[in-house]
Amino acid sequence: MKRLVVLVITLLVSACQSMPEKLPQNVSWETHQAEISAVRYWFATGRVAIKNGTESWHVNLLWLQQADVYQVRLYGPFGAGQVHIKGNRDGAELQTSDEKHFARDVDFLLYETTGVRMPVSELRYWMVGLPSPNGHDTKQVGADGRLEKLQQADWQVDYKRYTVVNGVTLPKKIFARNSRLDVRVVIDKWELGVPNEDNPFNDPG
């Protein structure tokens, strides 16, 4: 009898774990946009695949957003092992294992330092499912109120998958491309709110 009870509980737990994630339905874009815009502090870990013609890079991504201040760590094809970016509206600082560089344009700074092109300034918004305020946009919004496609400047952004974090619907897989670049972002984990003590960005290394 005990074995039967254990078996039933195991099956129920397995069934719950395998159930598809239920995303909110019948939400307007305005409601969803307001909900996302209210999230001022977040942390994401994931992976980025970048293709530029015949060149390609695969990097691991850590991103901490605290209101208008952000920190990004990229691990991957860099000879320095990792790149640490700190920025705000006024500019950005990029640090490798032995050097620091400064520039107003974070995208230019990353390219000049590492040779890797990535739209960091736009991803701060695209990653959470919002258009960047830096230019005109054309949106395709689904019946659930979330972005499906976004055309901004010369970028086409496709939202392939969403997830729910603390009741907030956030992107999990984002594909962005223009005539030069193809950028694919997969978010493995989201954390919302003020970062915990064990957040990787609390480690100065």
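Being surrounded by fewer than 13 Cβ atoms within 10 Å (Cβ to Cβ), under 18 Å from Ser132 (Cα atoms), at pLDDT 95 or above and within 21 Å of the chain's Cα centre (by Cα): is that true of Val69 here? Considered against the rule, which asks whether it is surrounded by fewer than 13 Cβ atoms within 10 Å (Cβ to Cβ), under 18 Å from Ser132 (Cα atoms), at pLDDT 95 or above and within 21 Å of the chain's Cα centre (by Cα), Val69 comes out as yes. Scanning the stretch 88-114 for residues that are within 20 Å of Arg47 (Cα to Cα) and in contact with a helix residue (DSSP H, G or I) (Cβ under 8 Å, 6 or more places away or on another chain) returns Leu94, Thr96, Val106, Asp107, Leu110. Considering the stretch 118-137, and only residues there that are under 29 Å from Glu55 (Cα atoms) and out of contact with any helix residue (DSSP H, G or I) (no Cβ under 8 Å at 6 or more places or on another chain), the residue that is surrounded by the fewest Cβ atoms within 10 Å (Cβ to Cβ) turns out to be Gly135. Restricting the stretch 101-118 to residues that are in a loop (DSSP other than H, G, I, E, B) and modelled with pLDDT of 95 or more, the residue that is nearest to Gln156 (Cα to Cα) is Asp105.
Tell me yes or no: at least one residue of the stretch 25-34 is of a type in the set (Val, Ile, Thr), at pLDDT 75 or above and under 19 Å from the mean Cα position of the chain (by Cα). Within the stretch 25-34 (the criterion being of a type in the set (Val, Ile, Thr), at pLDDT 75 or above and under 19 Å from the mean Cα position of the chain (by Cα)), the answer is no, since none of the residues qualifies. Report yes if Gly145 is farther than 22 Å from Phe43 by Cα and loosely packed, with under 15 Cβ neighbours inside 10 Å, otherwise no. Criteria not met by Gly145. Among residues that are modelled with pLDDT under 75 and exposed (fewer than 11 other Cβ atoms within 10 Å of the Cβ), Glu21 is included.
Among the residues in the stretch 125-139, are any modelled with pLDDT under 95, part of a loop (DSSP other than H, G, I, E, B), charged (D, E, K, R) and under 30 Å from Thr31 (Cβ atoms)? No, the stretch 125-139 contains no residue that is modelled with pLDDT under 95, part of a loop (DSSP other than H, G, I, E, B), charged (D, E, K, R) and under 30 Å from Thr31 (Cβ atoms).
Kindly evaluate Val185 against the criterion of being out of contact with any Asp or Glu (no Cβ under 8 Å at 6 or more places or on another chain), in a loop (DSSP other than H, G, I, E, B), aliphatic (A, V, I, L, M) and touching a residue at least 12 places away in the same chain (Cβ under 8 Å). The answer is no for Val185. In the set (1) touching a strand residue (DSSP E or B) at 6+ places or on another chain (Cβ under 6 Å); (2) modelled with pLDDT of 95 or more; (3) within 20 Å of Gln65 (Cβ to Cβ), Pro195 fails one condition alone, (2). Quick one: in the stretch 151-201, which of the residues that are β-branched (Val, Ile, Thr) and more than 30 Å from Gly53 (Cα to Cα) is surrounded by the fewest Cβ atoms within 10 Å (Cβ to Cβ)? Among residues in the stretch 151-201 that are β-branched (Val, Ile, Thr) and more than 30 Å from Gly53 (Cα to Cα), the one surrounded by the fewest Cβ atoms within 10 Å (Cβ to Cβ) is Val194.
The values are calculated or read from the model by the stated rules, or taken from the named source; none is laboratory data. Note that the coordinates shown come from a computational prediction; the quantities given were computed from them, not determined experimentally. With ideal geometry, Cβ positions are generated from the backbone for all residues, glycine too; neighbour counts draw on all protein chains shown.
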